[in-house]
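Novice: Mind having a look at this structure? Questions to follow.
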Amino acid sequence: MIVGHCRFSWVGFSDTGRLATDIERAKIELWNPMRMAIRFWLFEQVLLPSLDTQIDQGFVVSLLISDDLPQKYRDRLEAIVQERKTLRIHATTKKDIDEALREQISASQLDGNKEVHFRIDDDDAVSSKFIERLRHIFTRYDLAEGTVICFPRGFRSFIHNGVAKQSGHHNPYHAQGLAFVVGQKLQVLPFKMQHGNAGRRRPSYVDPSFLSFNYLLHAANTRKGYNATTEEQIEILRSASSTHANRIFKQDDSLMAGLPIDPAIEKNSMTRALAIHLKSSEPD
């Protein structure tokens, strides 16, 4: 069995260990209508298409949400899940990521068989061959419980001067699909540790033979700044996107750096799409 785990605006301590000291304040910031509009847009336009086009559909992604997520957002998620056999919702009152995930991982271990559990964020995408390759490695090599599986080659996508571009990217222990072999004796949870430290703590199988992920660089992955007006927020996104792009151009000498993704995406850049969505999703 292959199971993915995605935190969807869940409130709690995660692999970063960060959480506002005031839980109720954190909820207000996290579930700000403008922020949620952006998160849903990224989820529906980036992650979902990559899951829907998997060659191997024998997997499930569990969407971790807080039990008190506002009903209008939960209804929207449930409508998305009902259309797909590969998605499910896990609502919890737990504020610790280990406790929240262990609820479902322990339940899935009733048959005693080893499984692969991977992490993914709502604004990431994986190759259409991701699940197929993950299953092949897991079954062919009979990996031990606790083994990390990683595909380190992929892309970073970003906005530069209003144009969607991408750059080749290599990161041995990135967060986009990092997987762990889980069994009854050893249950290493996907968010147990910061992903960059996984290779220092667990045995690993690293396969660089294909392009496995697309990492989206943008300014909408924070819960701050959403009290600004729509126009101010769009400018914040543009400014931060420019900062990301400049950093990539300085660090990355890949031949792909700076090339437009393709004409269709270039015409409908992420910034423009976010701007349109924000204007139609302003708080009541």
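The values are calculated or read from the model by the stated rules, or taken from the named source; none is laboratory data. All of these numbers come straight from a predicted model, not from anything done at the bench. Don't worry about glycine lacking a Cβ; one is built from the backbone with ideal geometry, like all the others, and counts go over all protein chains shown. With ligands, DNA and RNA removed, areas are computed over all heavy atoms of the protein, side chains included. Shrake-Rupley method; radii C 1.70, N 1.55, O 1.52, S 1.80 Å.
Novice: With a 1.4 Å probe and all protein chains in place, put D52, D124 in order of accessible area, largest first. Present the calculation step by step, with values, prior to reporting the outcome.
Specialist: Working: D52 70, D124 0 Å².
Most to least solvent-accessible, the answer reads D52, D124.
Novice: Continuing with this model, one more query. Take the alpha carbon atoms of the range 113-174, find their radius of gyration, then divide it by 2.2 N^0.38 Å using N residues; give the quotient. Walk me through the numbers before you get to the answer.
Specialist: Numbers: Rg = 14.7 Å, N = 62, 2.2 N^0.38 = 10.6 Å.
It is 1.40.
Novice: Long-range amide H contacts for Q176: which residues qualify at under 5 Å (H placed 1.01 Å from N, peptide plane, sequence gap of 5 or more or a different chain)?
Specialist: Long-range HN contacts for Q176: none found.
Novice: Same structure again: Applying 1/(1 + (r/R0)^6) with R0 = 35 Å to the Cβ-Cβ distance of T139 and E78, what FRET efficiency is obtained, to the nearest 0.05? Kindly include the intermediate steps, with their values, before the conclusion.
Specialist: On the way: r = 33 Å, r/R0 = 0.94.
Using R0 = 35 Å, I get an efficiency of 0.60.
Novice: Given H placed on each backbone N at 1.01 Å, which residues far from L87 in sequence or on other chains put an amide H within less than 5 Å of it?
Specialist: Residues meeting the amide H criterion: V61.
Novice: For the range 58-161, how big is the tail of P(r) above 16 Å, as a whole percent of Cα pairs?
Specialist: Working: 3714 of 5356 pairs.
The proportion of pairs with Cα distances above 16 Å equals 69 percent.
Novice: Okay, moving on. Provide the net charge surrounding I149, with neighbours chosen by a C-beta distance below 11 Å and charges set as Lys +1, Arg +1, Asp -1, Glu -1. Write out the running numbers ahead of the final one.
Specialist: Values: positive: R133, R135, R202; negative: D207.
With Lys, Arg at +1 and Asp, Glu at -1, the net is +2.
Novice: Just to check I understand the Karplus step: with θ = phi - 60° and J = 6.51 cos²θ - 1.76 cosθ + 1.60, what whole-Hz values come out for the range 79-95, glycine and proline as x?
Specialist: Going residue by residue, I get 5, 5, 5, 4, 8, 9, 7, 9, 10, 8, 10, 10, 8, 9, 8, 5, 10 Hz, with x marking Gly and Pro.
Novice: Determine the share of the range 1-104's accessible area contributed by carbon and sulfur atoms, expressed in whole percent, with a 1.4 angstrom probe.
Specialist: Numbers: 2210 of 4520 Å².
On the range 1-104, the fraction of accessible area on carbon and sulfur atoms equals 49 percent.
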